[in-house]
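Report on one structure; see the data block that follows.
The values are calculated or read from the model by the stated rules, or taken from the named source; none is laboratory data. Predicted model only: the values in this text are computed from it and were never measured. We place every Cβ from the backbone using ideal geometry, glycine too, and count neighbours over all the protein chains shown. Ligands, DNA and RNA are excluded from the accessible area calculation, which covers all protein heavy atoms including side chains. Shrake-Rupley method; radii C 1.70, N 1.55, O 1.52, S 1.80 Å.
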Amino acid sequence: MSKASSLNNGSHALYNKKENCGLFGIFGDPEAVQKTYFGLHSLQHRGQESAGIASSDGESIQCYTGMGTIRRVFRSGRDTLEKLRNPIAIGHVRYSTTGSTKVVNSQPLLAEYSRGQVAVAHNGNLINAGLLRDEYEAYGSIFKSTSDTEIIVHLLAKPTHISKSDPLAHVLNHLQGAYSLLFLFSDCIEAARDPYGIRPLCIGQTDDGHYVVASETCAFDAIGVNFIREVEPGEIVRLDKSGLSSRFFVEPGSVTPAHCIFEHIYFAKQNSHIFGENVHEFRKKLGRQLAIEQPASADVVIPVPDSGTSAAIGYAEQSGIPFDMGMVRSHYIGRTFISPNQKLRELEVNLKLQIVNEVVGRKRIVVVDDSIVRGTTTRGKIKALRQAGAEEIHMRVSCPPIRFPCFYGVDFPTREELLANKRDLEQIRQFLEVDSVGYMSLQGLLSCANLPDDHYCTACWTGKYKIPANVAVNKFAMEHHQMRMFDEPE
Ligand code: SF4
């Protein structure tokens, strides 16, 4: 008999804006909870708004979630982790959203249904969540959160789905959009990835033979886990006391993948290995290609740290212009939750990124960034570089101009707010107040990737969305998934 035990200290939200998140799970390890804690630390770049861990002793699941970073949520330390101490665990970190929205919908999401308990952790965005939710509410279902993830629990609990030979596979076939998912049942973990493989999900193994799953392999490095392979698109991987088993809920190879190439450009950590290659090496290739496509006459190449650093190294290598650190990033400024007006944003940017005057003063500089979204923050950095005495500033961006929203788990601002939406290159240059601006071409970007061109999603540059979405689905996505962007302080 299962006993429900939730230690949830988070409160539920008005409405959840989807985001990029980090997942971690481990089966059968006496230190599963501690390792999940450390794994989530390594994945913290994927989300700082909330964090949580759910664990099972083989019979019942306990869950603890809260707002903030993993360290903040578990600041009471040993006591909380000790209460969760069980050999099966999953964890989740969630991307931050704007303070004005006050979104609170932490995961894992713990629920009880006729088959027992389940805790769910999700990275991605279900584009048909609104339609499914309307359908369920019309039949009287009550939702306790505003997260699109909760719809998965309702689908799992539906009696006609439970009666299927593989209820989970059946449920996954109802979902549209991007999802890497971890399900913690009392005696196993099931990890699933959408048929397009939009978000990453990796499998590893400890030296003791315990299986681990995580969004990125950097979470393995932190705790000495050996990377085995990625969960395939459309695959369910089950971790239980028999070890690891795999099955597919769509015919393998029947869907052309659409890996989010933005993971490689911006989101993933440099030491991670996703979509078949190392992130740092990929970004360096981007930098080299960028130097070929968008050369500049300059004295020094500086990155916008941290995500622009690898590309800047590549740019410097290819161009022969010396690399240096003209900006340093403070890693100690967390999300402040102050009201995000422009003045305060600028102050936050100044605190987060500070200029090394000696590097940029009286120099012609190439500034390499991974992407520009709204451009307001970039403009602030340029202003600071001018104040530090930079003579010429040549902005180089290692991806093409972003012109379209993302419906698959990355919260860009509205289309109107995207810098490149209505501006040509000269207008962008004027807005940023730089001497020149140059973006990577789409073809150049794809030429740096290991997989065939059509194995990636490039919709935020091209507007060509690979997952068909009807008008109602798009409407939901437009209403509920446009908030967050990256070039604002977190
Ligand atoms: S639209 Fe852009 S950010 Fe979204 S999944 Fe596609 S490549 Fe990634």
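Worth pointing out:
- Under 5 Å between amide hydrogens, built in the peptide plane, is the criterion, and for T69 it picks out nothing among residues at least 5 positions away or on other chains.
- Ranking M395, M67 from most to least accessible surface, computed with a 1.4 Å probe over the protein chains only, gives M67, M395.
- Between H161 and K383, the modelled labels are 4.9 nm apart [label points 7 Å from Cα along Cα→Cβ].
- Formal net charge of residues neighbouring P167 (Cβ-Cβ distance under 14 Å; K, R +1; D, E -1): +3
- Between the stretch 431-450 and the stretch 354-382, the alpha-carbon centres lie 16 Å apart.
- Gyration tensor (alpha-carbon) shape descriptor, the stretch 219-286, a/c threshold 1.5: oblate
- Taking K383, K164 and ordering them by how much accessible surface each has at a 1.4 Å probe, largest first, produces K383, K164.
- Ranked order, R75, R423, R94 - accessible area, probe 1.4 Å, largest first: R75, R423, R94
- Exposure of K83 as accessible area (Å², to 10), given a probe of 1.4 Å and all protein chains: 130 Å²
- Taking a ≥ b ≥ c as the square roots of the eigenvalues of the alpha-carbon gyration tensor, the stretch 392-461 is classed oblate because a/c is 1.5 or more while a/b is no larger than b/c.
- Full-stretch length increase - E417, D454 - with 0.36 nm per residue and alpha-carbon distance subtracted: 10.5 nm
- In the chain, the longest principal axis of the Cα atoms and the axis of helix 309-319 are about 40 degrees apart.
- Ordering of 254-265, 288-299 by burial proxy (mean other Cβ atoms within 10 Å per residue, highest first): 254-265, 288-299
- Charge-dipole axis of the chain as Lys and Arg at +1 and Asp and Glu at -1 on Cβ define it, positive-most pick from I467, N350, N20: N350
- Helix 342-352 and the longest principal axis of the Cα set of the chain meet at an angle near 90°.
- Helix 376-387 axis versus longest C-alpha principal axis of the chain: approximately 40°, rounded to the nearest ten.
- G438 long-range amide H proximity, modeled H, under 5 Å: M395, R396, V397
- Proximal aspartates and glutamates relative to K466, as straight alpha-carbon distance under 17 Å, when same-chain residues fewer than 8 apart are discounted: D194, E263, D453, D454
- The label point for I228 and the one for S447, both projected 7 Å from the Cα toward the Cβ, are 3.9 nm apart.
- Accessible-area value, S165, 1.4 Å probe, nucleic acids and ligands omitted, Å²: 130 Å²
- Reciprocal of mean inverse Cα separation for the chain (Kirkwood radius, Å): 23.0 Å
- Karplus-derived HN-Hα couplings along the stretch 191-202 (A = 6.51, B = -1.76, C = 1.60, θ = phi - 60°), whole Hz, x at Gly and Pro: 10, 9, 10, 4, x, 8, x, 5, 9, x, 7, 10
- Accessible surface for the stretch 350-410, divided over its residues, is 35 Å² per residue with a 1.4 Å probe.
- Cross-link check: pairs K35/K343; K381/K422; K269/K343; K83/K352 evaluated at a Cα-Cα cut-off of 32 Å; pairs beyond the cut-off: K35/K343; K83/K352.
- Heavy-atom accessible surface of K285, to the nearest 10 Å², is about 60 Å², with a 1.4 Å probe and all protein chains retained.
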